[in-house]
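In what follows, a single structure is set out as structure tokens and then discussed.
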Amino acid sequence: MRTVSLVRFAWMGMVVVWTAAATVQADVVHLKNGSKIEGQVTDLGDAYQIVQFSVQLKVAKDQVEKVEAVKSPYEEYLSRQANMDPNQPESHLAFGNWCLEKGWKDKYVQALYKALQIDSDFLPARKALGFEKFKGRWMTPDEIKFEEGFVKYQDRWVRPERAEDLAKREAERERQITVQRGLNRLVLKMATPSESERQKVYEEMLEFGRQYGVMNIEDIAGSARGYYDGHYAVQAMIESQYVTLTVNVGQGELQQPIRTLPIVQTIDAFGILHTVSIQLPAMAFTGASSTIVVPAGSGS
């Protein structure tokens, strides 16, 4: 038997009509010339209407040998289940393999376990489910690893001491990230003209460093504080010695180079010295693009 495309029958006196209808259930129409057509079949009296995908075809009954009704997948599932030998593991295995071909993996697994209920040593089912014989018992690969003394760490089976080491290293990595972000945040927070606010941030930085074990936190906090104290002191001195005549013709920005603080040094749980670089932000001055600066007391 061979299956023939619907369109090929147009020249045989069969009417082909394009339709928007979709095939719900496929039957098989066997023709007298040995061909067969699959589709949804409707008896029209003197002809059969066959719908396959978006094509509608009419075939005269005198050209048809027989119409074979095809079961729905669920009907076939029930039929196969009813006709299998429930006491034979091979029967359950064959039924499970058919379910797998249909894409029903859960039914496939159920059938394999039913086979094992009949014969717990039924090798095809055991292998299909991933079981292995270990110390005289059937076990899954995970059960074998556990029995061998391994533990699972982030989807990997490792020795307990290795898992402990990995956990410590992961915790230390997270701590280093926290230290880096925290110190950078406090350095930026210290960039304020208020001396009292800078003192508060300085004390906050000391407390933060002690909490996370930053070895030279006093030097780091002092350097940051000194940088900003010096900057604002110079700015105040300049402002006290000069008067500025500003012509509002535009705005400009002067960027001073970024200054790098001394290296942050920390020691992790393994006694390893780590270094973290911290950079101070650039200072920005915004003013008029045309400025006349006159030293104080030099004239009127």
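The values are calculated or read from the model by the stated rules, or taken from the named source; none is laboratory data. Not measured: the values here are computed from a predicted model. Because the Cβ atoms are built from the backbone with ideal geometry, glycine has one as well, and the counts that use them run over all protein chains shown. Ligands, DNA and RNA are excluded from the accessible area calculation, which covers all protein heavy atoms including side chains. Shrake-Rupley method; radii C 1.70, N 1.55, O 1.52, S 1.80 Å.
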Notebook entry, point to check: Looking at the stretch 114-140, which of the residues that are under 36 Å from the mean Cα position of the chain (by Cα) and assigned to a loop (DSSP other than H, G, I, E, B) is nearest to residue 86 (Cα to Cα)?
Noted result: 129
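Conditions tested, residue by residue: (1) out of contact with any Asp or Glu (no Cβ under 8 Å at 6 or more places or on another chain); (2) more than 30 Å from residue 31 (Cβ to Cβ).
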residue	(1), (2)
51	yes, no
62	yes, no
68	no, no
81	yes, yes
84	yes, yes
89	no, yes
98	yes, no
134	no, yes
Notebook entry, point to check: Do you know which residues across the stretch 25-44 are in contact with a strand residue (DSSP E or B) (Cβ under 6 Å, 6 or more places away or on another chain), outside any strand (DSSP E or B) and either open to solvent by 80 Å² or more (accessible area, probe 1.4 Å) or modelled with pLDDT of 85 or more (or both)?
Noted result: 32
Check: Does residue 47 count as farther than 30 Å from residue 136 by Cα and either open to solvent by 60 Å² or more (accessible area, probe 1.4 Å) or in contact with an Asp or Glu (Cβ under 8 Å, 6 or more places away or on another chain) (or both)?
Finding: no
Check: Could you list, in sequence order, the residues of the stretch 68-90 that are touching a residue at least 24 places away in the same chain (Cβ under 8 Å), open to solvent by less than 60 Å² (accessible area, probe 1.4 Å) and among the polar types (S, T, N, Q)?
Finding: 72
Check: Does the stretch 111-120 contain any residue that is over 30 Å from residue 220 (Cβ atoms), modelled with pLDDT of 90 or more and touching a strand residue (DSSP E or B) at 6+ places or on another chain (Cβ under 8 Å)?
Finding: yes
Checklist line | Candidates 180, 211, 235, 199 - the one that is polar (S, T, N, Q) and either within 30 Å of residue 141 (Cα to Cα) or surrounded by 14 or more Cβ atoms within 10 Å (Cβ to Cβ) (or both) | finding: 180
Item checked: Sole exception among (1) over 29 Å from the mean Cα position of the chain (by Cα); (2) closer than 30 Å to residue 122 by Cβ; (3) not hydroxyl-bearing (Ser, Thr, Tyr) for residue 152, by number -> (1)
Checklist line | residue 191, sole failed condition from (1) touching a residue at least 40 places away in the same chain (Cβ under 8 Å); (2) in contact with a strand residue (DSSP E or B) (Cβ under 9 Å, 6 or more places away or on another chain); (3) surrounded by 14 or more Cβ atoms within 10 Å (Cβ to Cβ) | finding: (2)
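Residues checked against (1) in contact with a Gly (Cβ under 9 Å, 6 or more places away or on another chain); (2) among the polar types (S, T, N, Q); (3) at pLDDT below 90:
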{"position": "192", "(1), (2), (3)": "no, yes, no"}
{"position": "196", "(1), (2), (3)": "no, yes, no"}
{"position": "201", "(1), (2), (3)": "no, no, no"}
{"position": "207", "(1), (2), (3)": "no, no, no"}
{"position": "213", "(1), (2), (3)": "no, no, yes"}
{"position": "217", "(1), (2), (3)": "yes, no, no"}
{"position": "224", "(1), (2), (3)": "no, no, no"}
{"position": "229", "(1), (2), (3)": "no, no, no"}
Margin query: So the check is Cβ under 7 Å with 6+ separation or different chains; which pairs have a first residue in the stretch 102-129 that's farther than 15 Å from residue 77 by Cβ and a second one that's open to solvent by 60 Å² or more (accessible area, probe 1.4 Å)?
Written below: 118/87
